[in-house]
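> One structure follows; several queries about it will come next.
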Amino acid sequence: MLSLYTSRTPKSRILFEENKNYMPYGVSSNYRYFDPYPIYLTKGKGSRVWDVDGNEYIDFNLGFGVLEVGHANERIIEEVDNAIKEGSILGFEYCKTGKLAKIISQRYKLDMVRFSSTGTEATMHAIRFARAYTKRKKIIKFEGHYHGSHDQLLVNVNPLKPGSKVPSSLGIPEEAIANTIVTDWNDIESFEKVANEDVAAVIMEPVAMNMGLIPTDEEFLKAVFELSKEKGFLVIFDETKTGGKFYSGALGYFNVKPDLVILGKAIAGGLPLSVIGGKREIMELIGPGKVAHGGTFNANPLSVRASIVTLTEILTESSFYYMHRLSEMLERGYREIAEDLGVELSVYRWGPSGSIYFSPKVPRNYKEFISIDFSPWFTYFYTTLAKGVIPMGGFNEEWTVSIKHTEEDIRKHLEAAEEGIRKAKEIKTNMPIDESF
Ligand SMILES: Cc1ncc(COP(=O)(O)O)c(C=O)c1O
């Protein structure tokens, strides 16, 4: 099965052999590596990317959910081009940041916001804000949820043996995770056991998008909000991914008001920008001599201007309607393929994103997710790649549709997927799944 991949990508192999001398695994993020060697891309345009061997792919990974505006969006290029001519970093505050803060506050119903550059930085700061406000230490997170690459939340992201608390990386001392409590997603009883008066906050992906795409039980969500009020801790929505899936993110979709919210990825049209926002009384603790929040590249003019354009001109209500419609076509297509081929495949879609599981039902939490046999998934993945479609970023990821995808792109995706699923029925590709995913 791997030969489908290796025969088309000899230049990626050569680059890997060279790059790995200077970069561990030849990549800048563990999530970009897959066996036997990663793919090296040269450029993107619209719904497409190209690799160093000249292969063209219809891209449904979109920078792990970043590029709903499409690759090299003309309007973003124009805005960033104008912005860079006036300086990429000005040091003191950029005059247009307040405008963006107002746009985001109104759209996501947040009293105040601060900007960082990445989801990792934003979740790291959010838990600090929560601790400062509540004067408590403990943070509850859910197994299988990912909140970026900092120690305190890099716990039970993808353990091979779920259940007991385990850091998701070497180099994380016990002390760093001593105040992190891990519990099961979508499970009220387990949550009740850990929700107490020592807890500063619960942080969650309001729809879990780092173990495929898992539906959120709204009764569970309600119970989390109720318990947080009863016990006096904060609810933090990490909307790094979900924030760009509906016009006002998951908080708008579920019509709830978390205490703190993190946004990232799609909101700046491909430029690095993240947001920590929420209730005024919490946000007002941030400031010199009070709660620390900093970052040299925070709200740099390029990201700010790209984000204003993204949110006001590109990711409008009608764009979401379009992306959701195409995504629904994909969902329907996958269900039909499964039925036609008689494969036990389950599908879940939420807005422009969706995922498939080679399992009769969509998992409810990480324990169910990791008990799935992923070997058919890898056959499907390498087959679709060879047919010029990147269906999603990995077995624990999801597809995303951009405003630049067309119905023809969806048809081609489904054609490739059908071939991949047919092969997956016959051949299993055993790939090592390790905790670095
Ligand atoms: C839910 C969630 N939070 C945080 C992050 C980290 O964001 P970044 O990679 O921008 O640091 C990610 C990245 O995928 C994510 O999916």
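> Under the 0.36 nm per residue contour assumption, what length would be gained going from the current alpha-carbon distance of Lys20 and Asn196 to full extension?
That pair, Lys20 and Asn196, stretches by 58.7 nm at full extension.
> Could you sort out which of Lys135/Lys257; Lys265/Lys367; Lys222/Lys279; Lys141/Lys257 sit more than 23 Å apart by Cα distance in this structure?
Exceeds cut-off: Lys265/Lys367.
> Something else: Using a Cα-Cα cut-off of under 16 Å, which aspartates and glutamates could be cross-linked to Lys387, ignoring same-chain neighbours fewer than 8 residues away?
Cα-Cα hits under 16 Å: Asp51, Asp53, Glu56, Asp59, Glu408, Asp409, Glu415, Glu418, Glu419.
> Okay, moving on. Would you please put 214-222, 354-362 in order of how densely packed they are, using the mean number of other Cβ atoms within 10 angstrom per residue and starting with the highest?
In descending order of packing, they fall as 354-362, 214-222.
> Hey, can you rank 410-416, 36-42 by average C-beta count inside 10 Å, highest first?
Per-residue Cβ counts within 10 Å, averaged per peptide and sorted highest first, yield 410-416, 36-42.
> Now for a different question. Within the range 1-127, what is the number of lysine pairs with alpha carbons under 21 Å apart, leaving out pairs fewer than eight places apart on the same chain?
7
> Counting pairs of alpha carbon atoms under 8 Å apart in space and at least six apart in sequence, what relative contact order in percent does the chain give?
Relative CO of the chain lands at 22 percent.
> So between Glu74 and Lys102, what do we pick up on full extension, going 0.36 nm a residue minus the alpha carbon distance?
7.6 nm
> Restricting to the chain, what percent of DSSP beta bridges are antiparallel, rounded to 5?
The answer is about 60 percent antiparallel.
> Here is a further query. Per residue, how much accessible area does the chain show when a 1.4 Å probe rolls over the protein heavy atoms, in square angstrom?
Per residue, the chain has an accessible area of 42 Å².
> What FRET efficiency would be calculated for the residue pair Asp340, Glu317, taking the C-beta separation as r and a Förster radius of 30 Å, to the nearest 0.05?
Calculated transfer efficiency: 0.30.
> When you count, for each residue, the other Cβ atoms within 10 Å and take the mean per peptide, how do 321-334, 119-132 rank with the highest first?
Top of the packing list down: 119-132, 321-334.
> How much length is gained on full extension from Lys367 to Asn82, taking 0.36 nm per residue of separation minus their Cα-Cα distance?
Numbers: separation 285, 0.36 × 285 = 102.60 nm, distance 4.87 nm.
Extra length available between Lys367 and Asn82 comes to 97.7 nm.
> Considering the dipole of the range 91-144 built from charges on the beta carbon (Lys and Arg +1, Asp and Glu -1) around the Cα centre, which of Thr118, Ile139, Gly98 is farthest to its positive end?
Of the options given, the answer is Ile139.
> Sticking with this one: For the range 74-314, give the percent of accessible area contributed by carbon and sulfur heavy atoms, probe 1.4 Å, rounded to a whole number.
Using a 1.4 Å probe with all protein chains present, the range 74-314 comes out at 52 percent carbon and sulfur.
> Convex hull over the Cα atoms of the range 74-314, averaged projected area in nm²?
Values: hull surface 53.0 nm².
It is 13.3 nm².
> Right, another one. Could you give the dipole magnitude of the range 320-437 about its Cα centre, charging the beta-carbon of Lys and Arg +1 and that of Asp and Glu -1, in debye to the nearest 20?
Computed about the Cα centre, the dipole is about 80 debye.
> Hey, got the dipole for the range 235-325? About the Cα centre, +1 on K and R Cβ, -1 on D and E Cβ, debye to the nearest 20? It would help to have the intermediate numbers written out before the result.
Values: 9 positive and 7 negative charges, 21 e Å.
Rounded to the nearest 20 debye, it is 100 debye.
> Pairs of alpha-carbon atoms within less than 8 angstrom and 6+ residues apart define the contacts here; what relative contact order does the range 1-88 have, in percent?
Answer for the range 1-88 is 21 percent.
> Can you give the helix-only mean residue ellipticity at 222 nm for the chain, where every DSSP H stretch with n ≥ 4 adds -39500 (n - 2.57) and the sum goes over all residues, rounded to the nearest 500 deg cm²/dmol?
Taken over the chain, the calculation gives -11000 deg cm²/dmol.
> Using DSSP to define loop residues, name the GluC sites (Glu not before Pro) in the range 2-94 whose beta-carbon has at most 12 other beta-carbon atoms within 10 Å. Don't skip to the end; give the middle numbers.
Values: sites: Glu17, Glu18, Glu56, Glu68, Glu74, Glu78, Glu79, Glu86, Glu93; in loops: Glu68, Glu86, Glu93.
Here the sparse-neighbourhood loop sites are Glu86, Glu93.
> Contact order normalised by length for the range 74-314, with contacts defined as Cα pairs under 8 Å and 6 or more residues apart; what percent is it? Let's see the in-between values first.
Numbers: 446 pairs, mean separation 71.6, N = 241.
Relative contact order for the range 74-314 comes out at 30 percent.
> Under a plain spin-label model, where a point goes 7 Å from the Cα along Cα-to-Cβ, how far apart in nm are Met329 and Leu160?
A separation of 4.2 nm, rounded to one decimal place.
> Turning to a different aspect of this structure: Where the centre of each part is set by its Cα atoms, how far does the range 278-346 sit from the range 1-52, in angstrom?
So the two Cα centres are separated by 26 Å.
> Now for a different question. So if I place +1 on the C-beta of Lys and Arg and -1 on the C-beta of Asp and Glu, and nothing else carries charge, what would the dipole magnitude of the chain be about its Cα centre? I want it in debye, nearest 20.
Roughly 880 debye, rounded to the nearest 20.
> Another question about this same structure. I'd like the per residue volume of the convex hull spanned by the Cα atoms of the chain, given in cubic angstrom.
141
The values are calculated or read from the model by the stated rules, or taken from the named source; none is laboratory data. Quick caveat: nothing in here was measured; it's all calculated off a predicted structure. Quick reminder, even Gly has a Cβ in these numbers, built from the backbone with ideal geometry, and neighbours come from all protein chains shown. Heavy atoms of the whole protein, side chains included, go into the accessibility calculation; ligands, DNA and RNA do not. Shrake-Rupley method; radii C 1.70, N 1.55, O 1.52, S 1.80 Å.
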